[in-house]
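Asks: Mind looking over this structure? Questions follow.
The values are calculated or read from the model by the stated rules, or taken from the named source; none is laboratory data. It should be emphasised that the depicted structure is a prediction, and the values quoted were computed from it without experimental measurement. Cβ coordinates were reconstructed from backbone atoms using ideal geometry, including for glycine residues, and neighbour counts include every protein chain displayed. With ligands, DNA and RNA removed, areas are computed over all heavy atoms of the protein, side chains included. Shrake-Rupley method; radii C 1.70, N 1.55, O 1.52, S 1.80 Å.
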Amino acid sequence: MDPNTLLLGVLGVALGFLAVWICAVRYRAKAKSEADGIIELARKEASVDRRQQLAEAELEIKKQRQDLEQETLRLKAELSDRQKALEDLEVSTRQTSSEIEERKDKLSKQEAALEELETSLQQ
């Protein structure tokens, strides 16, 4: 083999290796740059999704609080109505009780008067 041919062969292999190495370095840099961009985009999308989920959760919590407040107000009104009905019933019961006592006293007096009349008639 000719030394020049050998030298050219080694030089060709070295240049080929250098060209492949340079292409690989550039490809890796480009791939890393694209991967970094994809990762950054994914982070932004995740951040947007998280904010959207938080906003939806806040709206749901707000709606549930409003529902609870409305239910509380409804129950308070219902309780107030029932309390008023009970108070009215209590007043009515007292009046009826008083009327019964009055009738009882009146009947006792009438009975006593009838007994007196009966005793006087028997004599």
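Asks: Let me know the charge dipole size of the chain about its Cα centre in debye, to the nearest 20, where only the beta-carbon of Lys, Arg (+1) and Asp, Glu (-1) is charged.
Replies: Here the size comes out at about 1680 debye.
Asks: Can you list the HN-Hα couplings for region 82-88, worked out from phi with the Karplus curve (6.51, -1.76, 1.60; θ = phi - 60°), rounded to whole Hz and with x for Gly and Pro?
Replies: Taking θ as phi minus 60°, the curve returns 5, 5, 5, 4, 5, 5, 4 Hz for region 82-88.
Asks: Using the Kirkwood formula over every pair of different C-alpha atoms, what hydrodynamic radius in Å results for the chain?
Replies: 26.1
Asks: Could I ask something else about it? Just Glu60, Glu40, Glu111 to compare: in a GNM of the chain, with alpha carbon springs under 10 Å, which one fluctuates most?
Replies: Glu111
Asks: Farthest toward the dipole's positive end in the chain, which of Leu54, Ala42, Val13, given Cβ charges of +1 (Lys, Arg) and -1 (Asp, Glu) about the Cα centre?
Replies: Val13
Asks: If ligands, DNA and RNA are left out, what is the accessible area of Thr119 with a 1.4 Å probe, given in Å² to the nearest 10?
Replies: 70
Asks: Still on this structure, I have one more. Among Val91, Val25, Val13, which one shows the highest mean-square fluctuation when the chain is modelled as a Gaussian network with alpha-carbon springs under 10 Å?
Replies: For the chain, modelled as a Gaussian network with Cα springs under 10 Å, the answer is Val13.
Asks: Net charge near Ala42: determine it from the other residues with C-beta under 13 Å of the C-beta of Ala42, scoring Lys and Arg +1 and Asp and Glu -1. Mind dumping the intermediate values first?
Replies: Working: positive: Arg43, Lys44, Arg50; negative: Glu34, Asp36, Glu40, Glu45, Asp49.
That works out to -2.
Asks: Take Ile100 and Lys84, extend 7 Å from each Cα along the Cα→Cβ direction, and tell me the distance between the two endpoints in nm.
Replies: Result for the modelled spin labels: 2.8 nm.
Asks: Aspartates and glutamates near Lys62 by alpha-carbon distance under 18 Å, same-chain residues fewer than 8 away left out - which ones?
Replies: List returned: Glu71.
Asks: Same structure again: Excluding same-chain residues fewer than 8 positions from Lys63, which lysines have a Cα within less than 28 Å of its Cα?
Replies: Result set, ordered by chain and number: Lys76.
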